[in-house]
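Worksheet for the structure shown next.
Readers should treat all values here as calculations from the given coordinates under stated rules, not as data from a laboratory. Only a predicted model underlies this, so the values are computations on that prediction, with no experimental measurement involved. Note that each Cβ is placed from the backbone with ideal geometry, even for glycine, and that neighbours are counted across all protein chains shown.
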Amino acid sequence: MKSINPALIQTRLAKWCSLQDRAISQAKKKLAAHEISEEERERILSFLLREKYLDDLRFAQSYVRSKFVYKQWGEVKIRHHLKALHVDGAFIDRACREELPEEANLERIEALTKKKAQQTSDPAKVLRFLLQRGFTYGPSYEAVKKWVK
């Protein structure tokens, strides 16, 4: 890639980060694509952190909320994906604790189990579906016992 002025890169990254919450690792990957010195990369990254364009805790909270609500993922799958994005474990724990209340998690398991039970009567298939979605075994098994006959 051709060399671009570091100030322009900083402006573009700030705009990119302001569109939606981003992980620090995503910004580092984006910065690595540009032919600039390591000092410039660090300066741009510290600017983005200082000005709150990047915040891993905010990113983790947003990620947990969106994947639970829109994609209907469970905590296990969400945690796995956040770890793949190199988000700190403490931030993952805090985001899951704040954004995934136990009762909402159980309601989601019940709703998905009812929906899947209408499509198949095989309990193993329904349980496998819930586990692939990232829900824990215990509550998933109880829901399958209750709803799949």
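If a/c stays under 1.5 just call it rounded; otherwise compare a/b with b/c (prolate if a/b is bigger, oblate if not). Do that for region 102-147, with a ≥ b ≥ c from the square roots of the Cα gyration tensor eigenvalues. Let's see the in-between values first.
Values: a/c = 1.70, a/b = 1.42, b/c = 1.20.
Judged from the Cα gyration tensor, region 102-147 comes out prolate (a/c at least 1.5, a/b above b/c).
Run the simple label-point estimate for K29 and H80 please: 7 Å along Cα→C-beta, distance reported in nm.
Between K29 and H80, the label points sit 1.7 nm apart.
What distance in nm lies between label points placed 7 Å from Cα along the C-beta direction at T120 and Q72?
With each label point 7 Å from Cα toward Cβ, the separation is 1.5 nm.
If you average the sequence gap of Cα pairs under 8 Å that are 6 or more apart and divide by the length of the chain, what percent do you get for the contact order? Write down the numbers at each step before the final one.
Details: 142 pairs, mean separation 32.9, N = 149.
Computed value for the chain: 22 percent relative contact order.
Taking the Cα centre of the chain as the origin, how large is its charge dipole in debye, to the nearest 20, when only Lys and Arg (+1) and Asp and Glu (-1) carry charge on their Cβ atoms? Could the numbers behind the result be given before it?
Working: 30 positive and 20 negative charges, 147 e Å.
Its charge dipole is roughly 700 debye.
Out of E39, E98, E107, any idea which swings most in a Gaussian network model of the chain, alpha carbons joined below 10 Å?
E39
What does the extension gain come out to for S46 and Y141, with contour length at 0.36 nm per residue minus their alpha carbon separation?
Working: separation 95, 0.36 × 95 = 34.20 nm, distance 4.62 nm.
Extra length from S46 to Y141 when fully extended: 29.6 nm.
Over the alpha carbons of the chain, what is the largest minus smallest coordinate on each principal axis, giving the biggest first in Å?
The principal-axis extents, from largest down, are 64, 30, 21 Å.
Let me have the 222 nm mean residue ellipticity of the chain computed from DSSP H runs of 4+ only, each contributing -39500 (n - 2.57), with the sum over all residues rounded to the nearest 500. Before the final figure, lay out the partial values.
On the way: 9 runs with 110 residues, N = 149.
My calculation for the chain gives -23000 deg cm²/dmol from helical runs alone.
Going toward the positive end of the dipole of the chain, with +1 on Lys and Arg Cβ and -1 on Asp and Glu Cβ, which of C17, Q119, Y141 do you reach last?
Of the options given, the answer is Q119.
Using the Cα atoms of region 56-99 to build a convex hull, what is its mean projected area in square nanometres? Let's see the in-between values first.
Numbers: hull surface 9.8 nm².
Mean projected area of the Cα convex hull: 2.5 nm².
Obtain the nm distance between the two label points defined at R65 and E107 by a simple spin-label model: each point lies 7 Å from its Cα along the Cα-to-C-beta direction.
Simple spin-label model gives 1.6 nm for this pair.
Choose one of Q26, A90, Q61: the residue whose Cα lies farthest towards the positive end of the charge dipole of region 1-120 (beta-carbon charges +1 Lys, Arg; -1 Asp, Glu; about the Cα centre).
Result: Q26, furthest along the dipole toward the positive end.
If neighbour count is taken as other Cβ atoms inside 10 Å, put W16, W73 in order from fewest to most.
Details: W16 15, W73 21.
Going from least to most buried by this count: W16, W73.
In percent, how large is the relative contact order of region 102-147, given Cα pairs closer than 8 Å and 6 or more residues apart? Display every interim value, and only then the final one.
Details: 27 pairs, mean separation 21.1, N = 46.
Answer for region 102-147 is 46 percent.
So how do S25, S140 line up by other beta-carbon neighbours within 10 Å, fewest first?
On the way: S25 15, S140 22.
Lowest to highest Cβ neighbour count: S25, S140.
Could you work out how far the C-alpha centroid of region 90-149 sits from that of region 1-42, in angstrom?
39
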